[in-house]
Amino acid sequence: NAGVTQTPKFQVLKTGQSMTLQCAQDMNHNSMYWYRQDPGMGLRLIYYSASEGTTDKGEVPNGYNVSRLNKREFSLRLESAAPSQTSVYFCASSVGRTNSYEQYFGPGTRLTVT
Amino acid sequence: GEDVEQSLFLSVREGDSSVINCTYTDSSSTYLYWYKQEPGAGLQLLTYIFSNMDMKQDQRLTVLLNKKDKHLSLRIADTQTGDSAIYFCAENLSNDYKLSFGAGTTVTVRA
């Protein structure tokens, strides 16, 4: 049981390049999330998907797009990377509207934009 | 920015107790969580507490909740070197499935 997996683990991009971060979960969860983690700022929500077929903006959506490909997979795309997007990106999933709302996290993707 | 506040650093001697504090602002939060992040890894859920509880104990971990002051704490008894990590407090916003995280407290355990 892998839980939440993310690829790649590390990535270096040049300014203006594009890339897609992949996330998959095998827990049959309904909701999935993308966060970025920056030093001293905790986790900030970029986008989330409450259920298959829906996506919504979080706190910091500018410069990103997402696709909920199916119930298992939720990808994050950077169309034109900027140095301000250098960060660690985490995908998470949760059952959805339930009793305790806890989220389960992947190992992260460390992205550097030069 | 966060609505959840934590001190950024805590240093503790091995074998002592650690207490990590957190304040939150959403009085309608239903659940409050503690996550642990070890170096280079993702966040791992340690424990959570329902808002109608004052305390929850799980082995070496004790969570205390003061709803009046919107204060949450995590006590780790007999702190070990493996407890060195960043600890995040999070709240469930108004029964929504979104969570709001604090900036994290870096706990360093010294011999």
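The values are calculated or read from the model by the stated rules, or taken from the named source; none is laboratory data. This structure is a prediction, so every number in the text was calculated from the model and none was measured. Here the Cβ is made from the backbone with ideal geometry for all residues, glycine too, and neighbour counts use every protein chain on show. Ligands, DNA and RNA are stripped out before the accessible areas are found, and what is left, the full protein with its side chains, is counted by its heavy atoms. Shrake-Rupley method; radii C 1.70, N 1.55, O 1.52, S 1.80 Å.
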Take the residues in region B:83-105 that are of a type in the set (S, T, Y) and modelled with pLDDT under 95; name whichever of them is most open to solvent (accessible area, probe 1.4 Å). B:S94
It is to be established whether one or more residues within region A:20-30 are free of Cβ contacts under 8 Å to residues at least 12 places away in the same chain, open to solvent by 70 Å² or more (accessible area, probe 1.4 Å) and among the polar types (S, T, N, Q). no
Of all residues in region B:70-111, how many are charged (D, E, K, R) and more than 11 Å from every other protein chain (Cβ to nearest Cβ)? 5
Filter region B:26-63 for residues that are basic (K, R) and within 14 Å of chain A (Cβ to nearest Cβ); which is farthest from A:F10 (Cα to Cα)? B:K56
Would you point out which residue out of A:Y33, A:Y89 is aromatic (F, W, Y), within 13 Å of another protein chain (Cβ to nearest Cβ), under 18 Å from A:V12 (Cβ atoms) and open to solvent by less than 20 Å² (accessible area, probe 1.4 Å)? A:Y89
Residue ranges of strands (runs of 3 or more DSSP E) in region B:27-111 with at least 1 members over 19 Å from A:M41 (Cβ atoms) and of a type in the set (F, W, Y): B:31-37, B:43-50
Taking the conditions exactly as written (away from every other protein chain (no Cβ under 14 Å), among the polar types (S, T, N, Q) and either open to solvent by less than 70 Å² (accessible area, probe 1.4 Å) or over 19 Å from B:G102 (Cα atoms) (or both)), does B:N66 satisfy them or not? yes
Among (1) more than 14 Å from chain B (Cβ to nearest Cβ); (2) open to solvent by 60 Å² or more (accessible area, probe 1.4 Å); (3) touching a Ser or Thr at 6+ places or on another chain (Cβ under 9 Å); (4) more than 19 Å from B:A41 (Cβ to Cβ), which single condition is A:S84 missing? (3)
Step by step: first the residues of region A:36-52, then only those that are within 10 Å of chain B (Cβ to nearest Cβ) and aliphatic (A, V, I, L, M), then the one that is most open to solvent (accessible area, probe 1.4 Å). Which residue is that? A:M41
Could you tell me whether A:L69 is open to solvent by less than 50 Å² (accessible area, probe 1.4 Å), out of contact with any Leu (no Cβ under 7 Å at 6 or more places or on another chain) and farther than 30 Å from B:M53 by Cβ? no
Give, as residue ranges, the strands (runs of 3 or more DSSP E) completely inside region A:1-95 that count at least 1 residues that are within 23 Å of B:G40 (Cβ to Cβ). A:4-7, A:10-13, A:19-25, A:31-37, A:43-49, A:74-78, A:87-94
Would you check which residues across region B:1-24 are polar (S, T, N, Q), away from chain A (no Cβ under 13 Å), open to solvent by 50 Å² or more (accessible area, probe 1.4 Å) and under 15 Å from the mean Cα position of the chain (by Cα) and list them? B:S17, B:N21, B:T23
